1. Among 83-91, 56-64, what's the highest-first ranking by average C-beta atoms within 10 angstrom per residue?
2. Compute the distance in nm between two label points, each set 7 Å from the Cα along the Cα-to-Cβ direction, one at Glu45 and one at Ser6.
3. Compute the signed sum of charges (Lys and Arg +1, Asp and Glu -1) over the other residues within less than 15 Å, Cβ to Cβ, of Gln106.
4. Can you list the aspartates and glutamates whose alpha carbon sits under 15 Å from that of Lys42, skipping same-chain ones fewer than 8 residues off?
5. Kindly give the semi-axes, whole Å and largest first, of the ellipsoid equivalent to the chain, taking each as the square root of 5 times a Cα gyration tensor eigenvalue.
6. Over the alpha carbons of the stretch 78-118, what is the largest minus smallest coordinate on each principal axis, giving the biggest first in Å?
7. Under the 0.36 nm per residue contour assumption, what length would be gained going from the current alpha-carbon distance of Thr120 and Ser24 to full extension?
8. What spacing in nm lies between the two simple spin-label points modelled at Gln38 and Ala74, each 7 Å away from Cα in the Cβ direction?
Amino acid sequence: VQLQASGGGLVQAGGSLRLSCAASGGTFSRNVLAWFRQAPGKEREFVAAISWSGSSTYYDDSVKGRFTISRDNAKNMVYLRMSALKPTDSAVYYCSARNGDGLAAQTYEYDYWGQGTQVTVSS
């Protein structure tokens with residue numbers, strides 16, 4: 001599975017952005033998909049995951065209630081809608097996919113990674 005993330009940019013605190021990730025190859029509709037992020041000098045951290053059907057989602061506590069992950073299997077796309085953004089949300093955001101079941105939250109549990117898209121939230 002090849003992943004291509006897009007939609008990042010510069011936004012003011014309190015604003016919104018929607019990230020997109022296009023997938024090609026593999027069996028996209030059977031993959032658990034997730035978003036991670038990595039700020040400068042920090043480890044990559046889990047943001048959100050979604051089951052292959054889209055019926056189950058899982059969020060890190062830091063984004064719960066503000067971010068929404070969704071997917072469109074017909075278009076091979078996964079999205080991350082981000083609202084009420086904070087400067088602490090600034091990071092490079094990566095989409096990822098795993099072959100196994102379960103909404104995993106560790107980087108080592110994911111098999112495929114996109115190239116990342118920068119999100120910068122100004123105060």
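1. 83-91, 56-64
2. 2.9
3. Here the charged neighbours net out to -3.
4. Asp89
5. Those come to 22, 14, 13 Å.
6. If we take the Cα atoms of the stretch 78-118, the spans are 32, 20, 18 Å.
7. Here the answer is 31.8 nm.
8. Each label point is offset 7 Å from its Cα along the Cβ direction, giving 3.5 nm.
The values are calculated or read from the model by the stated rules, or taken from the named source; none is laboratory data. Please read all numbers here as calculations on a predicted model, not as lab measurements. Positions of Cβ are generated from backbone atoms using ideal geometry, with glycine treated the same way; all protein chains shown enter the neighbour counts. Accessible surface is based on the protein model in full, side chains and every heavy atom, while ligands, DNA and RNA are left aside. Shrake-Rupley method; radii C 1.70, N 1.55, O 1.52, S 1.80 Å.
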